[in-house]
1. If I fit a long axis through the Cα atoms of helix 45-63 and take the longest principal axis of the Cα atoms of the chain, what angle between them do I get, 0 to 90°, rounded to 10?
2. Remind me, relative contact order of the chain in percent, using alpha carbon pairs under 8 angstrom and six or more residues apart?
3. To the nearest 500 deg cm²/dmol, what mean residue ellipticity at 222 nm is calculated for the chain from DSSP H runs of n ≥ 4 alone, each contributing -39,500 (n - 2.57), summed and divided by the residues?
4. Among THR16, TRP242, TRP94, whose Cα sits farthest toward the positive end of the charge dipole of the chain (+1 at Cβ of Lys/Arg, -1 at Cβ of Asp/Glu, about the Cα centre)?
5. For LEU51, LEU176, LEU96, what's the fewest-to-most ordering of other Cβ within 10 Å of each Cβ?
6. How big is the chain by the Kirkwood estimate over distinct Cα pairs, in Å?
7. Of the chymotrypsin sites (Phe, Trp or Tyr not before Pro) in region 15-51, which ones lie in a loop per DSSP and count no more than 15 other C-beta atoms within 10 Å?
8. Spin-label point model (7 Å from Cα, Cβ direction): what's the SER155 to ALA188 distance in nm?
Amino acid sequence: MGEISKDGYFKVCVKTTNRDLLIPYGVPYFAYVGIALLSHDRLPVNIHYTLKIIIVPLLLYWAWKWYAPITGPKKILGSIFYGIVFGIAGLAIWCLLMAPFIEITGNPWSNSGFLLRVFSAALIVPVFEEFFIRGYIFRVALQWDVIRKKDAIVSPLNETLDNNHINDVKPGAWSLMAIGISTIAFTAGHLVVEWPAAAAYSILMSILWIIRKDLLSCMVAHGTTNLTLALYVYFTGHWGFW
């Protein structure tokens, strides 16, 4: 049960808490990571990515009813435009900060493996990762940051998880703590050589959330970065970025 507020944001009326939402927001993310860990050097790349392409969208479909809307109070076309611009900027940031830590030439992928990874990176990863990082962790961290400053609250984390809902966060709301915690979470999901680039990229996505006040722009930006990175490595032969 729920209603749409004047700003277009869905407000849940039933007693659902942030603790309840951890599974639907987190399962697609951890399924993707789990498949990568379990199949690394054990399965051919094609099978590895085929499993991701099948399993993760099914989990997203199952969890969708719990997710916050991806749109916000601003126009959708504007968010798509900003997403593309920030996505291209994110590509430049990613390459500049990653280049010192890798062998740029790298090893090329097969055409089939490359296409499967492009599909996954451009269309699936941006959805579940932005839902989890900016949609859940960022907003839970923001609510916790507000609550912890109230001296009367004995356990701010439990209060945040058990008596709050992320949909109560105003679109675009932020704090330095929320940016920091979500950035750490996003960075931890990447290889060590990618950490500087991942941290900077997460901050860029947080800025986009603050400006556009929606997840759509972040998903478009994330997808744009991953797609343009794929095209860049394919046509330049700089497979080390991939």
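Each value in this text was obtained by applying a stated rule to the coordinates, not by laboratory testing. All values reported here derive from a predicted model rather than from experimental measurement. So basically every Cβ, Gly included, is an ideal-geometry build from the backbone, and we count neighbours across all protein chains shown.
1. 20 degrees
2. Details: 323 pairs, mean separation 78.4, N = 242.
Result for the chain is 32 percent.
3. Numbers: 10 runs with 151 residues, N = 242.
Theoretical 222 nm ellipticity from helices: -20500 deg cm²/dmol.
4. Positive-most Cα among the choices belongs to THR16.
5. Working: LEU51 17, LEU176 9, LEU96 12.
With the sparsest Cβ surroundings first, the list reads LEU176, LEU96, LEU51.
6. Working: mean 1/r = 0.0534 Å⁻¹.
Averaging 1/r across every pair of different Cα atoms and inverting gives 18.7 Å.
7. Working: sites: TYR25, TYR29, PHE30, TYR32, TYR49; in loops: none.
When the chymotrypsin sites (Phe, Trp or Tyr not before Pro) of region 15-51 are filtered for loop state and at most 15 Cβ neighbours within 10 Å, nothing remains.
8. 1.9 nm
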